[in-house]
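All remarks here apply to the structure that follows.
Since every read-out is calculated from the coordinates, none of them should be taken as a lab result. Given the structure is predicted, the values throughout are model-derived calculations rather than measurements. Cβ: placed from backbone, ideal geometry, glycine included. Neighbour counts: every protein chain shown.
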Amino acid sequence: MFDPKQLDEIARKLAEVLPPGVREMQKDMERNFRAVLQSALNRMDLVTRDEVERLTDMLVRTRGQVDGLEERVARLEGNPPETDAEPPDIT
């Protein structure tokens, strides 16, 4: 999901901008920031770009298979395939 190194970096940067009096608690604040960020990101149910691209490719292949099967069924039923309806653009 999200790289732990990126979470650590964000938590460290948040802790660095704390006022000087609070910096004594910097390590504790970094842990708290990291936990809050991780919790928020987990609730968002994010997916990676690679997963989206993989699923898009799978959808394009599936759409092609469905189109081929529709044409085959139409030929078997003796009906010409419908050509006036354009498939939706998924990209």
Among 35-41, 15-21, how do they line up by average Cβ neighbours within 10 Å per residue, starting with the highest? 35-41, 15-21
Averaged over all viewing directions, the convex hull of the alpha carbons in segment 4-44 casts a projected area in nm² of 2.7
